[in-house]
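Enquirer: What follows is a single structure, and I will ask about it in a moment.
Please treat every number below as a calculation from the coordinates, not as lab data. As the structure is a computational prediction, the values presented were derived from the model and not from experiment. Neighbour counts are summed over all protein chains in view; Cβ atoms, including those assigned to glycine, are modelled from backbone coordinates with ideal geometry.
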Amino acid sequence: MTSSSRSLYIILGVAALLLLWVWTGYNGLVTAKTGVEASWAQVETQYQRRFDLVPNLVSTVKGAAAFEQDTFTAITAARSQWQSAGSRDDKITAASGFDSALSRLLVTVEAYPQLQATQAFRDLMTQLEGTENRIAVARRDYNLSVQTYNVLVARFPRNILASMFGFGPEKLFASDEGADKAPAVKF
């Protein structure tokens, strides 16, 4: 075997390894990105369930208690904002607004013990509690998918492939500033 044919085999071997690395690296990025999108779809599904359920809760509360119209207006506006949001960031913002309005509604409901005693209200609250738990799980799963994907996109040497093929970091679903404080309701 001559040195030129040996060099050719070495070059072909290195090229094959490089091609294999690009192929597996790209497919890994596509898989992780698809996981992020699937997790986001679950977040959207749970929010849609909430947005479909809350108007029934509001109607029940509205029929049994007369309190500020602002809460109903905020819930309706947040629901409309969610439905018209185009991007993932817009939907995250809309969900945060809905969280705030829903918190005000639930704090207000605590002031009406007779409302809490009705079966329809209890059923709706049970469904809402289940929905909120599903949303929390979907958000957690989404954030885990985003974390995994973002690590793939950022680590060397895969970050080279990510930038070559247009894979960028995704945004985590985070709570709003002040979300740790209970909303104030005034009558």
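Enquirer: Rounded to whole Hz and in sequence order, give me ³J(HN,Hα) for the stretch 20-26 from the Karplus expression 6.51 cos²θ - 1.76 cosθ + 1.60, θ = phi - 60°, writing x for Gly and Pro.
Expert: 4, 4, 4, 4, 5, x, 4
Enquirer: What are the ³J(HN,Hα) values, in whole Hz, obtained from phi via the Karplus relation 6.51 cos²θ - 1.76 cosθ + 1.60 with θ = phi - 60°, for each residue of the stretch 73-84 in sequence order, with x given for Gly and Pro?
Expert: Once θ is set to phi - 60°, the couplings for the stretch 73-84 become 5, 5, 5, 5, 5, 5, 5, 5, 4, 4, 5, 9 Hz.
Enquirer: Excluding LEU152 itself, what net charge comes from residues whose Cβ is under 15 Å from its Cβ, given Lys and Arg +1 and Asp and Glu -1? Before the final figure, lay out the partial values.
Expert: On the way: positive: LYS33, ARG155, ARG158; negative: GLU37, GLU170.
Local charge sum for LEU152: +1.
Enquirer: Enumerate the calculated ³J(HN,Hα) couplings along the stretch 2-7 in order (Karplus 6.51 cos²θ - 1.76 cosθ + 1.60, θ = phi - 60°), each rounded to whole Hz, writing x wherever the residue is Gly or Pro.
Expert: So the J values, rounded to whole Hz, are 7, 5, 6, 6, 5, 4.
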